[in-house]
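Structure, as structure tokens:
Read-outs: derived from the displayed coordinates by stated rules, not from any lab. A quick note: this is a predicted structure, and the numbers were derived from the prediction, not measured. Positions of Cβ are backbone-derived with ideal geometry, glycine not excepted, and every protein chain shown enters the neighbour counts.
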Amino acid sequence: MTLVEYEVRKKVAWLTLNAPPANTYSYEMMQDFDKGVLQARFDKNINVIVITGKGDKFFSAGADISMLATADPAFKYYFCLHANETLNRLEHTAKLTIAAINGHCVGGGLEIAMAADLRIAKKDAGQLGLPEVTLGVLPGTGGTQRLSRMVGKSKAIELMTTGKLLNFEEGVQLGIVNKIFDSANFEEKIQQFASEFCAPNKAAKAVGLIKRSVQSGWEVGFSDGLAIERECQQQLFTSEDAKNGIQNWIQTKGKGKVEFKGS
């Protein structure tokens, strides 16, 4: 059984965590997930990556607790290291990534979702949170760092030390969730939303480099961030989409529609 299903729908790559009902992840699943991220990253025909969970109960409940219970400390350490490397690769891939949260999204599941650029939740489908403290551990796949950057240090410490679970509306209020879509035809709505960032609707290369500029610039000083921004802008100035977009604005004063090619 493939632990992460890989499917291409037009210009959108769907990575589905496939270990229902809870879609907990193992070392083997993370290997499959890593392969999927790399495959989408280097496919020039893919503009957006969507991550979701199999079934309708869980996006993911995080790491397989039974696996961790029997593993030796060295394996646990390298498992977390590998998972961190995979999520960092997802986060810094110069393509927009969307977590389609179709059910409960807790522990390591939320850590995966937070590594995506946008998080779209299915209405009334579950809860989210980082309750690892109840196991005597911490969110070790980037959770302490990404959550604190999203909600601030004090709120992140509160949420992680209490292990509190939130509904999706609370997630929106805190800035963890971007949008909530109605449950009917949820995947179709996600696909339609993702397509808005694909050519010909958007200049997909510009979308990807906006992401790269923010993600890479966020981790360095301001002046270094500006240097990354200039580098990304220079790449776009030489792109066909930028040439067409600028020429269209000159000719139509911004009123004409550009058919972007993603290059």
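If R0 is taken as 35 Å, the Cβ-Cβ distance between residue 44 and residue 135 corresponds to a FRET efficiency of 0.25.
Over segment 113-173, the hull volume per residue, using the convex hull of the C-alpha atoms, is 84 Å³. Defining a contact as two alpha carbons under 8 Å apart and six or more residues distant in sequence, what relative contact order in percent does the chain show? This gives 16 percent for the chain. When the alpha-carbon atoms of the chain are used, the pair Rg, Dmax equals 19.0, 66 angstrom.
Loop-only check: which GluC sites (Glu not before Pro) in segment 180-209 are DSSP coil with at most 12 other Cβ within 10 angstrom?
Those that pass, being in a loop and sparsely packed, are 196.
For segment 227-263, the list of GluC sites (Glu not before Pro) that fall in a loop by DSSP and count at most 13 other C-beta atoms within 10 angstrom reads 259.
Listing 42, 260 from fewest to most neighbouring C-beta atoms within 10 Å gives 42, 260. Computed 3J(HN,Hα) for segment 56-72, one whole-Hz value per residue from the Karplus formula 6.51 cos²θ - 1.76 cosθ + 1.60 where θ = phi - 60°, is 10, 9, 9, 5, 6, 8, x, 5, 5, 5, 5, 5, 5, 5, 9, 7, 7, glycine and proline marked x. Applying the Kirkwood pairwise sum to the alpha-carbon positions of segment 204-252 produces a hydrodynamic radius of 11.5 angstrom. With the helix formula -39500 (n - 2.57) applied to DSSP H stretches of n ≥ 4, the chain reaches a computed 222 nm mean residue ellipticity of -15000 deg cm²/dmol.
Available extension along the chain between residue 35 and residue 214 is 62.0 nm, counting 0.36 nm per residue and deducting the alpha carbon span.
In the chain, excluding the sites themselves, the longest stretch lacking any of the trypsin sites (Lys or Arg not before Pro) that are in a DSSP loop with at most 11 other Cβ atoms within 10 Å is 45-252.
Just to be sure I understand: of the beta bridges DSSP finds with both ends in the chain, what percent are antiparallel, rounded to 5?
Roughly 25 percent of the beta bridges in the chain run antiparallel, per DSSP.
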